[in-house]
Amino acid sequence: EATLLLSRCFLKMVKENIVVPEEILRFCCDGLQGSTSPPHARDPGEQEEAPGAMASPSPPRNPTEVQMSQLVLPCHTNHRGELSAGQLLKWIDTAACLSAERHAGCPCVTASMDDIYFEHTISVGQVVNIKAKVNRAFNSSMEVGIQVSYEDLCSGKHCSICKAYATFVAQGPSGSKVKLKPLTPQTEEEKIEHSIAAERRRMRLVHKDTLKDLLTRSPRETELETRDGSAAVPAEKTRVESVELVLPPHANHQGNTFGGQIMAWMENVATIAASRLCHAHPTLRAIEMFHFRGPSQVGDRLVLKAIVNNAFKNSMEVGVCAEAYGQEMSVSRRHINSAFMTFVVLDQEGRPRTLPMVAPEPGEGERRYREASARKKIRLDRKYVVSCKQTEVPLSVPWDQSNKVYLSYNNVSALKTLVAKANWALAREKEKVRMYTLEEDKFLSFRIEMSVQIAADQAFSLLSDLRRRHEWDSHYASAELVQQVDNDDMIYHVVSQTLSCEDKPQDFVILASRRKPCSNGDPYVVAFRSVTLPTHPASASFRRGETICSGFCIWPESEETSKVAYYNQATPGYLNYVTTNVAGLSSNFCATFKACEKFLLKNKEDLIVRL
């Protein structure tokens, strides 16, 4: 009660611009730094319970979940009275590390932090609520999901700030890796995050290759943008170098430099570099993946370098790196971390201002300039395809080499999300073929499944080749392989039979993405979604059709038996056909799936011989 009273007094003094006595401020900074898992803290977005209302039973909390609430004090803020991004990164990393260690039961270190997009700023006197929990454990690493929101104590308003994913590695004695126990998700949300975590891990591993591939196909000449009324600022004028001595307060409970502290120092020098370009106070909007390459310890000197790589019309990218060395300067520096941060400068109405151009220095500067442009395209692709909700992504997204990783991710994650939904209802069952439906606000989805006497890997190989689908699916007339993207992704041009008496057949351009199981219990996945290709535009000879989300999941039941399930999120043109089967007015689904079973059984022996 005393803490709550002091908080209210403090907030009132801040709101009314009353000078806070030094004793109260010191007490606030020392005693109200925050707490984990407060007993009365409500989740972001949770409504206050009405008096006398009966408490509904809540689902069991994930044992790895950590909640942290921090009151934003003046010592945490910048000159505008807003929470500094560096301080927020410290809190995020702390909460995520505590969650990881709850699951591992041993010390954990930050390996990487995925892209973070900051949606709002946080003012002094508001409360930051952070929730972190382990989404999935792999061999010795695990993914931790973090949700950050703020709470205004005076108005009761809650608002989302950002969502982040961090990878932590469990460490045993002398830094040895520890094999982690698997994590069993309980709720629908946890099952979805657990399933998609494998896709996010795959995307992290190929990120460098995506950038390299985009640069290879881009013009090597650096084309400087022309902008009226502004002269180009030499990038060298924005360069910043700063050194920090790692002291015991900067170290975690293992003696290594706290990852959140390193990120905060990096944000600080990046902000200075951005300010030197625009001669104003910039606002951090996004951070591209932090990747920790090695540890540093108490006593190390950390050299932090930052420079503006490129300035676009309303935003700029700042590259920043951290290197460590001991007392001896003769010893080569160790590369600790690198990151790229996007800043904007806001006017009095909160709109981004136009920025000066940057003139890169020859050689390395031009390379960084080109890479910044490539990263901007990748960020836009990633935010457009990966971060959007399924209902916000158009049915057919243009496919090209630069966004192939993110379209593949979206394709597989959309199917895995559909599979993990909890409210599937059995609609029909005939000849051991079961049909389920899932009714949501905007979509009607269906799933058909049955057990087949075939090994899961064999069924996976046969069903992932759309060129053979016409052998068992009467709706398919033909399928042509247009492009073999890689071993896991193919693009087909599919021509299907018409579902009505219309003259023109339908055609589709479909991205097929295949995934083998990441660990025991995972299914084999073959996901389908529509894309657009300039080489295959809509033709007057066909009615161009689209598929939102469909595909197969195959679970091994034994060495010779598999459960094969087909999922489809029905598009409007397909709804009449679906509802007719759901209502029992047609048995086409059952007949098609029985034909699929015969196809698998007939071809499994030939497949064994070929393999």
Any idea which of 317, 328, 323 is surrounded by 22 or more Cβ atoms within 10 Å (Cβ to Cβ) and under 26 Å from residue 259 (Cβ atoms)?
317
For residues that are within 17 Å of residue 592 (Cβ to Cβ) and open to solvent by 50 Å² or more (accessible area, probe 1.4 Å), tally how many sit in the stretch 445-467.
1
Which condition from (1) in a strand (DSSP E or B); (2) more than 25 Å from residue 207 (Cβ to Cβ); (3) among the basic types (Lys, Arg) is the one that residue 237 breaks?
(1)
Name the residues in the stretch 56-115 that are open to solvent by less than 10 Å² (accessible area, probe 1.4 Å) and free of Cβ contacts under 8 Å to residues at least 40 places away in the same chain, would you?
none
Condition (residue is open to solvent by 20 Å² or more (accessible area, probe 1.4 Å), in contact with a Gly (Cβ under 9 Å, 6 or more places away or on another chain) and of a type in the set (A, V, I, L, M)) applied to the stretch 144-165: is it met by at least one residue?
yes
Can you tell me how many residues in the stretch 116-133 are over 19 Å from residue 62 (Cα atoms), of a type outside the set (A, V, I, L, M, F, W, C) and touching a residue at least 60 places away in the same chain (Cβ under 8 Å)?
3
Going by the structure shown, is residue 205 modelled with pLDDT of 90 or more and among the aliphatic types (A, V, I, L, M)?
no
Checked against (1) in contact with an Asp or Glu (Cβ under 6 Å, 6 or more places away or on another chain); (2) in the same structural domain as residue 345 (by the TED database), residue 249 satisfies every condition except (1)
Return the pair list, or none, for Cβ contacts closer than 7 Å from residues in the stretch 522-535 that are assigned by the TED database to the domain that holds residue 449 to residues that are modelled with pLDDT of 90 or more and in a loop (DSSP other than H, G, I, E, B), at least 6 apart or on different chains.
523/517; 524/516; 524/517; 526/464
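The values are calculated or read from the model by the stated rules, or taken from the named source; none is laboratory data. Every value quoted in this text rests on a predicted model; they were computed, and no experiment measured them. Because the Cβ atoms are built from the backbone with ideal geometry, glycine has one as well, and the counts that use them run over all protein chains shown. Surface areas here come from the heavy atoms of the whole protein model, side chains and all, with no ligands, DNA or RNA. Shrake-Rupley method; radii C 1.70, N 1.55, O 1.52, S 1.80 Å.
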